[in-house]
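One structure is given here, and the rest of the page talks about it.
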């Protein structure tokens, strides 16, 4: 409802396809401070379409910060300057009239740019497929209250489970490491009694696939935690390390 | 032993190698420092200490070989991680926002490490070489040699800078090793961080105090 | 009406599903791998069905337009999931959950389906806990429950304000396990654009590969649509940006009947529109109404700051009109009342919003209590609006949220096209004219985990459908039709953008097929939508090519279907001369302004059969209530 608009110079990474060379293109926009960042891009796109020019390709879905689809690097920070929100929750009132805003895709060897700001993040699914689950078939289940789980433990598991799989941790890490993502799932399941039977092989298999996909390794800069829209703690990475070390020391499986 | 090789070769395994070798070097630095601080007790004490170490040479040699291996593992593995991590992000960002999400020290381990490596080479080629393979071996005037070295302002300044950078490297490395081992929880990790900070300051200050001392007293 | 056989099993309500399961034909374990099943959509219903069918040994192909199955819009559900566990010992039972759901739906749902839903609800909780879903717990380690609208018992299980996310990630993890085991093949970034029927049976689908633009054909023994709702027909809704009706709409045009399209749920507590650039509406949890008081100024066009409006000039209209339920009146009533006061020109600062005020609650309970209860929501509100709700009243307004209507299905969740199953929000089956909070998650997972795996098996074993070769001319015909459609879209090169036209459609729908509907408005809407369709095909500009990622083309393709569905929604609303649940016809209300149902004439499901563009035939499935007595809802 605020009528005053702010004027920005937006520099957006445009790249027609994975194999083509990209570059920054400048867009000038006058936008309401109540708009979200993605709505600002919508407006640029609407103008482009009116001029019969190709709109900027970027992904978003729920626009409530939970689906993990959106993810842009804004002025060098994944999901922009405000902590603990996804790109879709960033609003233009956080920018000043006359600002220059740089918009880039998430960058990692494991996240190829597909077009403009869209990257391929299926690697994260492959890591989950390697073991990010409890192997229980539909129906082969005890009563939900058969296993008591302490409120504290359940709550820590929930903290880890809150991960939205957006990949901002990879984008923020100078090594493009996926450790925070992997550790969140490993932690959630390692903390719960249901996750115990597969605890050893789960961590081994998930780390194996993570390494194969070309993510970097963790050097404990904790940039991932600082940029995570859900504030997932690096304590989970510590837990992942512990789980991995113990799994390798204790398990008798020489193949893993 | 394939499994061990595979485990240590994984991304976490490589970090564990960094942490184990790093902690070992942290312990070594304590011993080294204790030894150096005897300089403050005067020439006779220091020379006696070094001489006594000289008398158990075979044992020292074994320790040195182990230490060398630890250093080589730490350095080789560190460079390898740095290189692999660089490949994991082939295209850099146009705007680097890392200063907003992480500390400079945590991001520059390869740089501080490289400087420490250069220092190490010079340090070995001067002190270690002289203590082991020069006339000192006969005269046992280690103290005098040391005082002489540090009377050179340029060498002392280089030494002090290297020690400060060592402090930077240790500050991140200390707590990082604990994180890698998985020892990070609400209760103790703040303590680990504080301890790491104190330790790194102690190392930088205590090691630097020696050239400063010799500069001030002019080697006498 | 021989066309519509709901195939409700005979026998007492409580025994229908049990007996039906026993009477079903089974597929021999060794033969299961010979059957291919296509599942479109990877939300709660799609992912749970895919995982369960994969576990049984069928060969499953899952399609999603997202980059990952974990992105499906089920993930946004906040509140919780209902189940008749009676862990609280407060008198809950399967029958009570069944009754509450039927009543909440304003007696426009099928008894047998709803009873089955309540019956399997308990297994859902067991299943999710076994998967590692971290539901909220009590100190003793047992599961915690909260209460929700439309029920007098605490039966809602929750995981903070992220229940949908946790349930979806549970189903997704089971799905990924089957992908890993090779039973499920995943096709991401594929949008289903048509159904292939041969001899009236569903035999496969045609999808657009959203990366390279290729139109791809897939064949199977059965096709399952679990593609969610169509609230984005309003342009602005709480649905995710990509939610669309294309899959079910194109199946509808291939012969699947569309049931109760006008039953739309408008959620009362959403954030208001900030301006023309608004892309979607954000839901704020309904729980806020427990402590917040809803009001507007007594004056029209009152431009004062809310804190400057004195107490005596405020109208707490819900408390005034519904003294016993007050601010906790059901969704449809709260939404409609907000529209009324805004239409009178009494909205917040003359705009489309009403105040939700926590001042009294903060004075009574202290700020820390409010912070404990709603701190997270207040933060979200401040992030989006830049206003601090501890100091300034929140501004809220209703927004389209959920669509009870969908493809018509029988008791087996099969549509009128043999071999085409429809699950979750995409079907019409369980919520009648209004859905209760925390029931959407329950239905999606019930369909996917515990109903479809049985009924699809029964279909395969008894109908013994044949899988057609992709070389069958029917596949190529459908493929060609769609290639031509896309070519046509790209060649129009008009002056309006896709969103320009979608916004126009949204305005028609919101004003005339929204919260309050009347004959005149609906008739106008039918004509305006038809005109807008013509305008679209003349004047839209779809930029780019069909050979790569083209989001403009994706949106245009979806809008084609909204422009047709919108008309059917208006026609259905016009046909239903009564008010019930989310469907409020202004002509049919009590003297006090309450919804006036007409059970004599309208206790049926409207199932629309597509004839050709702008023309449908209405089929009616009578709703027979053998167990519950139809009653008027009263919240006074």
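The values are calculated or read from the model by the stated rules, or taken from the named source; none is laboratory data. Remember, predicted model here, so these are calculated numbers, not experimental data. Neighbour counts are summed over all protein chains in view; Cβ atoms, including those assigned to glycine, are modelled from backbone coordinates with ideal geometry.
Residue C:88 satisfies every condition listed in (1) in contact with a strand residue (DSSP E or B) (Cβ under 7 Å, 6 or more places away or on another chain); (2) within 12 Å of another protein chain (Cβ to nearest Cβ); (3) under 30 Å from residue C:177 (Cα atoms) except (3). Meeting the requirement of 1 or more residues that are over 28 Å from the mean Cα position of the chain (by Cα) and on the phi > 0 side of the Ramachandran plot, no helices (runs of 4 or more DSSP H) wholly within the range C:5-76 can be named.
Answer yes or no: is there a residue in the range C:388-407 that is without any contact (Cβ under 8 Å) to a residue 24 or more places away in the chain, within 14 Å of chain A (Cβ to nearest Cβ) and surrounded by fewer than 24 Cβ atoms within 10 Å (Cβ to Cβ). Yes; the residues of the range C:388-407 include at least one that is without any contact (Cβ under 8 Å) to a residue 24 or more places away in the chain, within 14 Å of chain A (Cβ to nearest Cβ) and surrounded by fewer than 24 Cβ atoms within 10 Å (Cβ to Cβ).
Is it true that residue C:526 is assigned by TED's automatic domain parsing to the domain that holds residue C:562, in a helix (DSSP H, G or I) and crowded, with 18+ Cβ neighbours inside 10 Å? Full working, then the answer.
Working: assigned by TED's automatic domain parsing to the domain that holds residue C:562: yes; in a helix (DSSP H, G or I): yes; crowded, with 18+ Cβ neighbours inside 10 Å: yes.
Answer is yes for this residue.
Number of residues in the range C:91-117 that are surrounded by fewer than 24 Cβ atoms within 10 Å (Cβ to Cβ) and in contact with a strand residue (DSSP E or B) (Cβ under 7 Å, 6 or more places away or on another chain) equals 1.
Looking at B:155, B:199, B:159, just one residue is in a helix (DSSP H, G or I), over 15 Å from the mean Cα position of the chain (by Cα) and more than 14 Å from every other protein chain (Cβ to nearest Cβ), and that residue is B:155. When residue C:546 is tested against (1) surrounded by 17 or more Cβ atoms within 10 Å (Cβ to Cβ); (2) in a helix (DSSP H, G or I); (3) out of contact with any strand residue (DSSP E or B) (no Cβ under 7 Å at 6 or more places or on another chain); (4) touching a residue at least 24 places away in the same chain (Cβ under 8 Å), only condition (2) is not met.
Yes or no: residue C:555 within 21 Å of residue C:614 (Cβ to Cβ), part of a helix (DSSP H, G or I) and at pLDDT 95 or above?
Details: within 21 Å of residue C:614 (Cβ to Cβ): no; part of a helix (DSSP H, G or I): yes; at pLDDT 95 or above: yes.
Against the criterion (within 21 Å of residue C:614 (Cβ to Cβ), part of a helix (DSSP H, G or I) and at pLDDT 95 or above), residue C:555 does not qualify.
Looking only at the range B:64-73, decide whether some residue is within 7 Å of another protein chain (Cβ to nearest Cβ) and at pLDDT 95 or above. Scanning the range B:64-73, I find no residue that is within 7 Å of another protein chain (Cβ to nearest Cβ) and at pLDDT 95 or above, so the answer is no. Looking across A:150, A:154, A:135, one residue alone is within 9 Å of chain C (Cβ to nearest Cβ), modelled with pLDDT of 95 or more and in contact with a strand residue (DSSP E or B) (Cβ under 6 Å, 6 or more places away or on another chain). It is A:154. Being touching a residue at least 40 places away in the same chain (Cβ under 8 Å) and in contact with a strand residue (DSSP E or B) (Cβ under 6 Å, 6 or more places away or on another chain) holds for only one residue in C:233, C:224, and it is C:224.
Going by the conditions given, is residue A:46 surrounded by fewer than 19 Cβ atoms within 10 Å (Cβ to Cβ) and over 27 Å from residue C:545 (Cα atoms)? Don't jump to the end; show me each part of the working.
Details: surrounded by fewer than 19 Cβ atoms within 10 Å (Cβ to Cβ): yes; over 27 Å from residue C:545 (Cα atoms): no.
So residue A:46 does not fit the description; no.
Can residue C:162 be described as over 20 Å from residue A:143 (Cβ atoms) and more than 8 Å from chain A (Cβ to nearest Cβ)? So that I can check it myself, show each step before the final result.
Numbers: over 20 Å from residue A:143 (Cβ atoms): yes; more than 8 Å from chain A (Cβ to nearest Cβ): no.
Judged against the criteria, residue C:162 is not a match.
Residue check: residue C:151 meets all listed conditions (1) facing chain A (nearest Cβ under 8 Å); (2) in contact (Cβ under 8 Å) with a residue 40 or more places away in the chain; (3) part of a loop (DSSP other than H, G, I, E, B) but one, namely (1). Note on the range C:490-509: among residues that are surrounded by fewer than 21 Cβ atoms within 10 Å (Cβ to Cβ) and more than 12 Å from chain A (Cβ to nearest Cβ), the one that is farthest from residue C:529 (Cα to Cα) is C:491.
Among the candidates C:300, C:280, C:339, single out the residue that is part of a loop (DSSP other than H, G, I, E, B), surrounded by fewer than 23 Cβ atoms within 10 Å (Cβ to Cβ) and outside the structural domain of residue C:526 (by TED's automatic domain parsing). It would help to see each step written out before you state the result.
On the way: C:280 fails: surrounded by fewer than 23 Cβ atoms within 10 Å (Cβ to Cβ); C:339 fails: part of a loop (DSSP other than H, G, I, E, B).
So the residue among C:300, C:280, C:339 that is part of a loop (DSSP other than H, G, I, E, B), surrounded by fewer than 23 Cβ atoms within 10 Å (Cβ to Cβ) and outside the structural domain of residue C:526 (by TED's automatic domain parsing) is C:300.
All conditions but one from (1) within 14 Å of another protein chain (Cβ to nearest Cβ); (2) free of Cβ contacts under 8 Å to residues at least 12 places away in the same chain apply to residue C:320; the one that does not is (1). Each residue in the range C:202-220 was checked for being in a loop (DSSP other than H, G, I, E, B) and in contact with a helix residue (DSSP H, G or I) (Cβ under 6 Å, 6 or more places away or on another chain), and 0 of them qualify. Does the range A:62-72 contain at least one residue that is free of Cβ contacts under 8 Å to residues at least 40 places away in the same chain, buried (at least 22 other Cβ atoms within 10 Å of the Cβ) and either within 30 Å of residue C:351 (Cα to Cα) or within 9 Å of another protein chain (Cβ to nearest Cβ) (or both)? Looking through the range A:62-72, at least one residue is free of Cβ contacts under 8 Å to residues at least 40 places away in the same chain, buried (at least 22 other Cβ atoms within 10 Å of the Cβ) and either within 30 Å of residue C:351 (Cα to Cα) or within 9 Å of another protein chain (Cβ to nearest Cβ) (or both). Give me the residue from the range C:125-144 that is at the interface with chain A (Cβ under 7 Å from one of its Cβ atoms), in contact with a helix residue (DSSP H, G or I) (Cβ under 9 Å, 6 or more places away or on another chain) and in a helix (DSSP H, G or I) and, out of that set, farthest from residue C:85 (Cα to Cα). Step by step, filter the range C:125-144, then rank; the result is C:130.
Restricting attention to the range C:165-194, the residues that are outside any helix (DSSP H, G or I) and more than 7 Å from chain A (Cβ to nearest Cβ) add up to 12. Taking the stated definitions as given, is residue C:562 touching a residue at least 60 places away in the same chain (Cβ under 8 Å) and more than 24 Å from the chain's Cα centre (by Cα)? So residue C:562 fails the test. Within the option set C:22, C:98, being away from chain A (no Cβ under 13 Å), modelled with pLDDT of 95 or more and under 28 Å from residue C:461 (Cα atoms) holds for one residue only, C:22. Of the residues making up the range C:314-337, those that are under 22 Å from residue C:378 (Cβ atoms) and at pLDDT 95 or above number 2.
Looking at the range C:416-430, can you tell me whether even one residue there is part of a helix (DSSP H, G or I), free of Cβ contacts under 8 Å to residues at least 24 places away in the same chain and touching a strand residue (DSSP E or B) at 6+ places or on another chain (Cβ under 9 Å)? No, every residue in the range C:416-430 fails to be part of a helix (DSSP H, G or I), free of Cβ contacts under 8 Å to residues at least 24 places away in the same chain and touching a strand residue (DSSP E or B) at 6+ places or on another chain (Cβ under 9 Å).
Quick grid of which residues meet (1) more than 14 Å from chain A (Cβ to nearest Cβ); (2) more than 13 Å from the chain's Cα centre (by Cα); (3) surrounded by 22 or more Cβ atoms within 10 Å (Cβ to Cβ):
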position	(1), (2), (3)
C:198	yes, yes, no
C:205	yes, yes, yes
C:220	yes, yes, yes
C:230	yes, no, yes
C:233	yes, no, yes
C:239	no, no, yes
C:242	no, yes, yes
C:246	yes, yes, yes
C:267	no, no, yes
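I need a count of the residues in the range A:83-117 that are within 19 Å of residue A:18 (Cβ to Cβ), facing chain C (nearest Cβ under 9 Å) and crowded, with 23+ Cβ neighbours inside 10 Å. It would help to see each step written out before you state the result.
Going through the range A:83-117, the residues within 19 Å of residue A:18 (Cβ to Cβ) turn out to be A:103-117.
Checking the rest, the ones that are also facing chain C (nearest Cβ under 9 Å) come to A:114-116.
Next, from what is left, pick out any that are crowded, with 23+ Cβ neighbours inside 10 Å: A:115-116.
Qualifying residue count for the region: 2.
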